[in-house]
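What follows is one structure encoded as structure tokens, with my remarks underneath.
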Amino acid sequence: MGAVLVLNQNYEPLNVCNPRRAVVLVDLGKAEVLEVDGLVFRSPSREIRVPSVIRLHRLVKRPRPRVRLTRREVFFRDRYTCQYCGVTTRELTVDHVVPRHRGGVHAWHNVVSACHACNHRKGGRSTEEARMPLHREPFEPRATPRYLFGQYVGVNSDWDKFLPVIDE
Ligand SMILES: [Zn+2]
């Protein structure tokens, strides 16, 4: 069975549900069908074209999504560039600017991408002690369209026109 893209009332993609759930939402008057796929549900009493995109009638309010702190997202934020020497590489480590044993936290403003050589050179020292200034102060990245909706791209061609353009 296929999957159904669920749009918020403002057309922003919210999540994906299974076709049965989508049909229930439509039956309850909570959503409208924007796209159908070729499939049909048959029961003794009715035939239902299976939706591929539905839109909720009410706006679902969500807290501002935050980007999870993972190695992958740290490297992506730093554009795969060592924040100490500036080399661009896929061979990166996550460095704590203020080392953890000095009370440095594992948070966006204290983690940077570092190549193996720089990570080794810096060791357990602070940037001042190691005389290794940062190229850029680390920051918490915004949840971009790629982060929010990238997982839905390329899943179903019916969905594409409802997804924001992802140009990163
Ligand atoms: Zn480096």
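So, in the stretch 1-25, how many residues would count as being crowded, with 16+ Cβ neighbours inside 10 Å and over 22 Å from Val153 (Cβ atoms)?
Matching residues across the stretch 1-25 total 2.
Where residues in the stretch 112-138 are open to solvent by less than 30 Å² (accessible area, probe 1.4 Å) and out of contact with any Leu (no Cβ under 7 Å at 6 or more places or on another chain), which of them is modelled with the lowest pLDDT? Steps first, answer last, please.
Keep residues of the stretch 112-138 that are open to solvent by less than 30 Å² (accessible area, probe 1.4 Å), which gives 112-115, 118, 122, 126-127, 130, 132, 138.
Right, trim to out of contact with any Leu (no Cβ under 7 Å at 6 or more places or on another chain) and you get 118, 122, 126, 130, 132, 138.
Working: Cys118: 97, Lys122: 95, Ser126: 92, Ala130: 95, Met132: 96, Pro138: 97.
Among those residues, the one meeting the criterion is Ser126.
From Val105, Val74, grab the single residue that is open to solvent by 10 Å² or more (accessible area, probe 1.4 Å) and closer than 21 Å to Ala130 by Cβ. Before the answer, list the steps.
On the way: Val74 fails: open to solvent by 10 Å² or more (accessible area, probe 1.4 Å).
Only one candidate qualifies: Val105.
Suppose we filter the stretch 48-63 for residues that are over 24 Å from the mean Cα position of the chain (by Cα) and open to solvent by less than 90 Å² (accessible area, probe 1.4 Å); how many remain?
3
Of all residues being in contact with an Asp or Glu (Cβ under 7 Å, 6 or more places away or on another chain) and either touching a residue at least 60 places away in the same chain (Cβ under 8 Å) or of a type in the set (A, V, I, L, M, F, W, C) (or both) in the stretch 112-140, which is farthest from the ligand (Cβ to nearest atom)? Just the residue, please. So that I can check it myself, show each step before the final result.
From the stretch 112-140, those in contact with an Asp or Glu (Cβ under 7 Å, 6 or more places away or on another chain) are 112-116, 119, 122; that's our starting set.
Checking the rest, the ones that are also either touching a residue at least 60 places away in the same chain (Cβ under 8 Å) or of a type in the set (A, V, I, L, M, F, W, C) (or both) come to 112, 114-115.
Numbers: Val112: 10, Ala114: 6, Cys115: 3 Å.
If we take residues in the stretch 112-140 being in contact with an Asp or Glu (Cβ under 7 Å, 6 or more places away or on another chain) and either touching a residue at least 60 places away in the same chain (Cβ under 8 Å) or of a type in the set (A, V, I, L, M, F, W, C) (or both), then Val112 is farthest from the ligand (Cβ to nearest atom).
As an exercise: evaluate Val87 against (1) open to solvent by less than 20 Å² (accessible area, probe 1.4 Å); (2) at pLDDT 95 or above and give the number of the one condition it does not meet.
Val87 satisfies every listed condition except (1).
Only residues that are out of contact with any Leu (no Cβ under 7 Å at 6 or more places or on another chain), in contact (Cβ under 8 Å) with a residue 12 or more places away in the chain and of a type in the set (S, T, N, Q): list them for the stretch 58-108, please.
Thr81, Thr89, Thr93
Which numbered condition trips up Arg68, out of (1) within 13 Å of the ligand (Cβ to nearest atom); (2) surrounded by fewer than 10 Cβ atoms within 10 Å (Cβ to Cβ); (3) not aliphatic (A, V, I, L, M)?
Failed condition: (1).
Just give me the residues in the stretch 127-150 being out of contact with any helix residue (DSSP H, G or I) (no Cβ under 7 Å at 6 or more places or on another chain) and not in a helix (DSSP H, G or I), in sequence order. Before the answer, list the steps.
Looking only at the stretch 127-150, we keep the residues that are out of contact with any helix residue (DSSP H, G or I) (no Cβ under 7 Å at 6 or more places or on another chain), and these are 127-129, 131, 135-137, 142-150.
Within the stretch 127-150, Arg131, His135, Arg136, Glu137, Arg142, Ala143, Thr144 qualify.
The values are calculated or read from the model by the stated rules, or taken from the named source; none is laboratory data. Treat the numbers as computed from the prediction; the structure is a model and nothing was measured. Ideal geometry is used to build each Cβ from the backbone, glycine not excepted, and the neighbour counts take in all protein chains shown. What goes into the accessible areas is simple: the full protein's heavy atoms, side chains included, and nothing from ligands, DNA or RNA. Shrake-Rupley method; radii C 1.70, N 1.55, O 1.52, S 1.80 Å.
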